[in-house]
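Everything on this sheet refers to the single structure shown next.
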Amino acid sequence: MVEPEPPVGLDPIDQGIRLFNEEYFFEAHEVLEDLWKREHGKSKVFLQGLIQICAAYHHFQNGNLIGAETLLDRGAQKMRSYPADYLGIDAAKLLAHVDQDRERIRKMQRGEEENKVLQFPRIARKIE
């Protein structure tokens, strides 16, 4: 069975970012994963990193701190090898927030951080 293409005019990256910014991390992951499966160019690894960050925050929402920390680390590492504004995404700002969250989650796991709430990042994208 062939996967259907997204409707014309709807940019899946914009859709994924909108869902991420609305804290629908699982849904953002799904939209971006559909794009990633069809991608064969240099953006494939970048998208995989972004998908892993989506999945990480979904794990955090479900109380899985180990999964959240692991995927934040893996996703950020994949995205770091790209320019800070790759695909128009402000990756530098996102990754700075991800790094802070990953450290807070580590502290939560060690019992050094009582407040188990994160202020989730928002992804900014400009299209030229």
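Normalising the average separation of contacting C-alpha pairs (under 8 angstrom, six or more residues apart) by the number of residues puts the relative contact order of the range 15-85 at 28 percent. Count Lys and Arg as plus one, Asp and Glu as minus one, and take only other residues whose Cβ is under 12 Å from that of ARG80; the net charge is then 0. Pairs of Cα atoms nearer than 8 Å and 6+ residues apart set the relative contact order; for the chain it is 21 percent.
Computed from point charges on the beta carbon alone (+1 for Lys and Arg, -1 for Asp and Glu), the dipole magnitude for the range 65-128 about its Cα centre is near 120 Debye. Distances between placed amide hydrogens fall under 5 Å for GLU113 paired with MET108, all partners being 5 or more residues away or on another chain. Start at zero, step by 5 Å, and the Cα-Cα distances of the chain spread as 2, 11, 21, 25, 19, 11, 7, 3, 1, 0 percent across the bins. For the set GLU33, GLU103, the ranking by accessible area, highest first and with no ligand, DNA or RNA atoms included, is GLU103, GLU33 under a 1.4 Å probe. Dipole magnitude for the chain: computed about the Cα centre from +1 point charges on Lys and Arg Cβ and -1 point charges on Asp and Glu Cβ, it is near 420 debye. In this label model, GLN109 and GLU22 are separated by 3.2 nm, measuring between points 7 Å along each Cα→Cβ vector.
From helices alone, the chain scores -20500 deg cm²/dmol at 222 nm; the rule is -39500 (n - 2.57) for each run of n ≥ 4 DSSP H residues, then divide by the residue total. Taking LYS126 as the anchor, which lysines have their alpha carbon closer than 17 Å to its alpha carbon, excluding any fewer than eight residues away along the same chain? Partners found: LYS93.
The values are calculated or read from the model by the stated rules, or taken from the named source; none is laboratory data. As the structure is a computational prediction, the values presented were derived from the model and not from experiment. Glycine gets a Cβ as well: all are built from the backbone with ideal geometry, and neighbour counts include every protein chain shown. The accessibility values were calculated without ligands, DNA or RNA, using every heavy atom of the protein model including side chains. Shrake-Rupley method; radii C 1.70, N 1.55, O 1.52, S 1.80 Å.
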